[in-house]
Structures are given as structure tokens and as C-alpha cells.
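Engineer: So that we are looking at the same thing, I have put the structure below in C-alpha cells.
Read-outs: derived from the displayed coordinates by stated rules, not from any lab. Since the model is a prediction, treat every value here as computed from it, not as a measurement. Here Cβ is always computed from backbone atoms with ideal geometry, including for glycine, and neighbour counts include all displayed protein chains.
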Amino acid sequence: MRATIAALGRLGRASAVELHAAEGSKLAATAWNNRLYELSRLRVAMRTKVSRQFVYELVAPEVSYG
């Protein structure tokens, strides 16, 4: 989850497909989508439907752990 929050923080606003392409990780776009959905469920990120996909952005510009 921390990696997903960090990646979303770097991009600002992105879909799962955009995160998958930007990070170049071995995770599939569906894995990114599942993580982003969980962040929105926890109210750490907001999601907006754009065409056929959801676009996510962090609720707060900065997240601290601990």
C-alpha cells in the first residue's frame, strides 16, 4: 500500500493503467486497480469515473506513516 500511495503522490492523479505504465513494475494493471480501490475504500484516495475507468487522487497532498 505504501508503494501505491507513493506512486499516486508522484503522479498526482492517475488511473490503474497509468500507474502500471509509469511505474514499470511486474504488477498487472488489475493489481494496481485493486490497491487503488482499497485506498478509496479507506478514504485515503478519491476516485472519479472518467469514461470507462476510474481516476484516483490522494485526499491529502502529504501522507506520513507512524
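Engineer: Need one number: % antiparallel among DSSP beta bridges in the chain, to the nearest 5.
Structural biologist: For the chain, the DSSP antiparallel bridge percentage is about 100.
Engineer: Further question: Compute the FRET efficiency between residue 50 and residue 26 as 1/(1 + (r/R0)^6), taking r as their Cβ-Cβ distance and R0 = 25 Å, and round to the nearest 0.05.
Structural biologist: Given R0 = 25 Å and the Cβ-Cβ separation, E is 0.45.
Engineer: Between 22, 42, 5, whose Cα lies farthest towards the positive end of the dipole of the chain when Lys and Arg beta carbons carry +1 and Asp and Glu beta carbons carry -1, centred on the Cα centre?
Structural biologist: 42
Engineer: Rounding to the nearest 20 debye, state how big the charge dipole of the chain is about its Cα centre with +1 on each Lys and Arg Cβ and -1 on each Asp and Glu Cβ.
Structural biologist: 180 debye
Engineer: Could I have the simple spin-label model distance between residue 42 and residue 3, label points 7 Å from Cα toward Cβ, reported in nm to one decimal?
Structural biologist: 1.5 nm
Engineer: Here is a follow-up. Counting Lys +1, Arg +1, Asp -1, Glu -1, what net charge surrounds residue 55 among other residues with beta carbon under 13 Å of its beta carbon?
Structural biologist: Spelling it out: positives minus negatives among the neighbours equals +2.
Engineer: So what is the relative contact order for the chain, in percent, with contacts set as C-alpha pairs under 8 Å and at least six apart?
Structural biologist: Relative contact order here is 36 percent.
Engineer: Please report the net charge: other residues with Cβ closer than 14 Å to the Cβ of residue 2, K and R +1, D and E -1.
Structural biologist: -1
Engineer: What net charge is computed for the residues neighbouring residue 46, neighbours being all others with C-beta under 14 Å from the C-beta of residue 46, Lys and Arg scored +1, Asp and Glu -1?
Structural biologist: +3
Engineer: Report which label in (1) 17, 14, 10; (2) 23, 14, 11; (3) 20, 12, 11 holds the value of semi-axes √(5λ) of the Cα gyration tensor in Å derived from the coordinates of this structure.
Structural biologist: (1)
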